[in-house]
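Below is one structure, written out as structure tokens; the observations come after it.
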Amino acid sequence: MPDQPIEREAMDYDVVIVGGGPAGLSAAIRLKQLAAEHSREIGICVLEKGSEIGAHILSGAVIDPIALNQLIPDWKDKGAPLTTPVTDDRFFFLGKKRRFAMPTFLMPPFMSNHGNYIVSLGNLCRWLAEQAEGLGVEIYPGFAGAELVYDEAGAVRGVATGDMGVARDGSHKPSYTPGIELRGKYTFLAEGARGSLTKLAIARFALDAGKEPQKYGIGIKELWEIPQEKHQKGLALHTMCWPLKNDTGGGSFMYHFDDNLVAVGFVVHLNYSNPFLSPFDEFQRVKHHPVIAAALEGGKRISYGARAITEGGIQSIPKLAFPGGALIGCAAGLVNVPRLKGSHNAMLSGMMAAEAAFAAIGENRQRDALTSYETAFSASVIHKDLYRVRNVKPLWSKLGTVLGVALGGVDMWANQLIPGGFQFTLKHGKADSDTLIPAAQAEPIDYPKPDGVLSFDKLSSVFLSNTNHEEDQPVHLRLTDPDIPIKINLPTWDEPAQRYCPAGVYEVLTDDDGANPRFQINAQNCVHCKTCDIKDPSRNITWVVPEGGGGPNYPNM
Ligand SMILES: Cc1cc2nc3c(=O)[nH]c(=O)nc-3n(C[C@H](O)[C@H](O)[C@H](O)COP(=O)(O)OP(=O)(O)OC[C@H]3O[C@@H](n4cnc5c(N)ncnc54)[C@H](O)[C@@H]3O)c2cc1C
Ligand code: SF4
């Protein structure tokens, strides 16, 4: 262990952006566009923890091109990978074998997917990164923002990347290289749902004071290649109800796009109460429903992954600006839950923050709070998009799927027809870590064994995420108290981490006779979904960035 503080190199930029997703890349592009329009120089860097841009991006995705139309109006000519317009939009309530189609006229027009595109968000990000680099943005994949760095006045001055070459026990390996400090006049946190630096900034500047807790879902997705005769390019299909019980929110999506590709996935709201529930196994089950199985049979699964999605909506958005920086995209939680869409808002928020920072830098300001970004946000289309669906998630959580979704529909119609809708805003209540009931009061769930054709086990799934971490490094899933999993979580909730983690990272091992339980963390399997950081009932797990470049390598999720 070093006994001297490590000297780090520092690099200065106008704006440092942490996260190369839709929000971060759109902010970078907008800043460079503004600089070109005003004949000014501006230094922008984007840090991305994945081995390349897109490697950690997992989404549906049906995207609303509203933001792209503004950011790069000639995106078609520039070859953006949006080639599958939605041509058929279907919605089903499922029973175990049955299905009930919901007529689309029951949905308010703003829920329609007309004009939207089915894409790989990872590939869209790769294309956005090319556009950004073409404008002079410096992009550093394989570098994770590990720490926030503050100035003497306590404002964020930038971030430090993680040290490389640290062994599991904290000692320095021969390959040791200290992290670098990237300093900016402004630092944008664009880490997506449950960002690790975002969490620190929210706590330090009390950005969530007076707000409802952020709510989350876990989204698990597979990419399939299916026989051409079954492929219905442009079909976007959503389901609800089975296999989840009425008191658990969530549902599946299946999008047919490109050449014989199908994105199939399942979202489970993380405020579920039964500690025996396994989102992974619910997903494996839903693929056996005839509505989904009919398309997948005869096909081949080619990729797997998982990622948390924000669900709190307008009630849970923290203050967006803090001294020295801003939250953009899903770091702030901008997903429209009933539309299952957030990437358009992520991009729009990045563009808005970029405009505020560009103006501030032009006035020779730095490291203050970009209050003009907050003001622009309150009057923006993002605010409108989220405000009119604000009661859907609380109604769903409180009343269950059947009644909650029906009343949510009524509330959305009210917002379509009357400005401001019913004028009230429902609360979410508890954080997702606080919703499990004790195992002794819960019904165990007997999941069917995977058949290896439509359904699979966790290990073969994780293999398809191409996740990879340097093994000899400190465990990036930190337990505040290492005794809690066995002493508290196991007797009270049957240690739910064994089931909510979609990558089999957490295991409770015992001797052959079932005695001597031990908690094992297989950190190298982690796909960076962040569910453990959200759902652990003891709030004992903190996800921190592993060595840069570690994690999944999604080709086109
Ligand atoms: C299963 C699922 C389905 C979805 N379906 C849709 C859909 O159909 N349509 C839609 O519009 N939206 C959908 N969404 C939501 C959408 O994906 C998000 O709203 C969007 O990706 C948010 O963009 P972002 O840039 O804020 O964050 P992200 O896309 O999460 O990108 C964040 C990036 O930052 C990187 N990063 C994080 N922390 C660090 C760090 N400390 N240092 C360096 N890099 C870091 C990550 O690796 C990642 O590349 C879905 C989400 C899920 C999970
Ligand atoms: S360890 Fe945590 S972040 Fe990693 S895959 Fe499991 S639940 Fe997700």
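Give the residues of region 92-151 that are among the basic types (Lys, Arg) and either in a strand (DSSP E or B) or farther than 21 Å from residue 351 by Cα (or both), sorted by residue number.
96, 97, 98, 99
Against the condition among the acidic types (Asp, Glu) and either touching a Phe, Trp or Tyr at 6+ places or on another chain (Cβ under 7 Å) or under 26 Å from residue 197 (Cβ atoms) (or both), how does residue 297 come out, does it pass? If you could, list the steps in order and put the result at the bottom.
On the way: among the acidic types (Asp, Glu): yes; either touching a Phe, Trp or Tyr at 6+ places or on another chain (Cβ under 7 Å) or under 26 Å from residue 197 (Cβ atoms) (or both): no.
No.
Go through (1) part of a helix (DSSP H, G or I); (2) within 20 Å of residue 529 (Cβ to Cβ); (3) open to solvent by less than 10 Å² (accessible area, probe 1.4 Å) for residue 330 and report which single condition fails.
Unmet condition: (3).
Looking at region 157-182 only, could you name the residues that are surrounded by fewer than 23 Cβ atoms within 10 Å (Cβ to Cβ) and either touching a Ser or Thr at 6+ places or on another chain (Cβ under 7 Å) or under 20 Å from residue 12 (Cα atoms) (or both)?
160, 163, 164, 165, 177, 178, 179, 180, 181
Just to verify a result, which residue in region 488-541, among those that are closer than 30 Å to residue 55 by Cα and of a type in the set (Phe, Trp, Tyr), is nearest to ligand 1 (Cβ to nearest atom)?
So the residue we want is 500.
I need the full set of residues from region 481-509 which are open to solvent by less than 10 Å² (accessible area, probe 1.4 Å) and aromatic (Phe, Trp, Tyr), in order please. Explain how you work it out, then say what you get.
Restricting attention to region 481-509, the residues satisfying the condition of being open to solvent by less than 10 Å² (accessible area, probe 1.4 Å) are 485, 489, 495-497, 500, 502-503, 505-506.
Hits for region 481-509 are 500, 506.
Can you find, within region 134-156, the residue that is most open to solvent (accessible area, probe 1.4 Å) among those that are more than 22 Å from residue 50 (Cβ to Cβ) and more than 16 Å from ligand 1 (Cβ to nearest atom)?
152
Taking the criterion of being among the polar types (S, T, N, Q), open to solvent by less than 40 Å² (accessible area, probe 1.4 Å) and part of a loop (DSSP other than H, G, I, E, B), would at least one residue in region 228-237 satisfy it?
no
Do we have any residue at all in region 310-325 that's under 15 Å from the mean Cα position of the chain (by Cα) and within 16 Å of ligand 2 (Cβ to nearest atom)?
yes
For region 186-195, does any single residue satisfy the condition of being under 19 Å from the mean Cα position of the chain (by Cα) and surrounded by fewer than 17 Cβ atoms within 10 Å (Cβ to Cβ)?
no
Look through region 471-480, keep the residues that are open to solvent by 60 Å² or more (accessible area, probe 1.4 Å) and more than 16 Å from ligand 1 (Cβ to nearest atom), and return whichever of them is modelled with the highest pLDDT.
Among those residues, the one meeting the criterion is 480.
Here are some conditions: (1) on the phi > 0 side of the Ramachandran plot; (2) of a type outside the set (S, T, N, Q); (3) touching a helix residue (DSSP H, G or I) at 6+ places or on another chain (Cβ under 9 Å). Residue 405 meets all but one. Which one does it not meet?
Exception for residue 405: condition (1).
Within the set of pairs 6+ apart or on separate chains, which have a first residue in region 286-310 that is within 18 Å of residue 99 (Cα to Cα) and open to solvent by 40 Å² or more (accessible area, probe 1.4 Å), a second that is more than 15 Å from ligand 2 (Cβ to nearest atom) and assigned to a loop (DSSP other than H, G, I, E, B), and C-beta atoms under 6 Å apart?
Pairs that qualify, where the first residue is within 18 Å of residue 99 (Cα to Cα) and open to solvent by 40 Å² or more (accessible area, probe 1.4 Å) and the partner is more than 15 Å from ligand 2 (Cβ to nearest atom) and assigned to a loop (DSSP other than H, G, I, E, B), are 288/454.
When region 263-292 is examined, which residues are found to be under 20 Å from the mean Cα position of the chain (by Cα) and either β-branched (Val, Ile, Thr) or in a strand (DSSP E or B) (or both)?
263, 264, 265, 266, 267, 268, 269
Before we move on, is residue 546 within 16 Å of ligand 1 (Cβ to nearest atom) and either touching an Asp or Glu at 6+ places or on another chain (Cβ under 9 Å) or over 18 Å from residue 305 (Cβ atoms) (or both)?
yes
The values are calculated or read from the model by the stated rules, or taken from the named source; none is laboratory data. The structure displayed is predicted, hence computed values, not measured ones. Positions of Cβ are generated from backbone atoms using ideal geometry, with glycine treated the same way; all protein chains shown enter the neighbour counts. All accessible areas refer to the heavy atoms of the entire protein, side chains included, with ligands and DNA or RNA removed. Shrake-Rupley method; radii C 1.70, N 1.55, O 1.52, S 1.80 Å.
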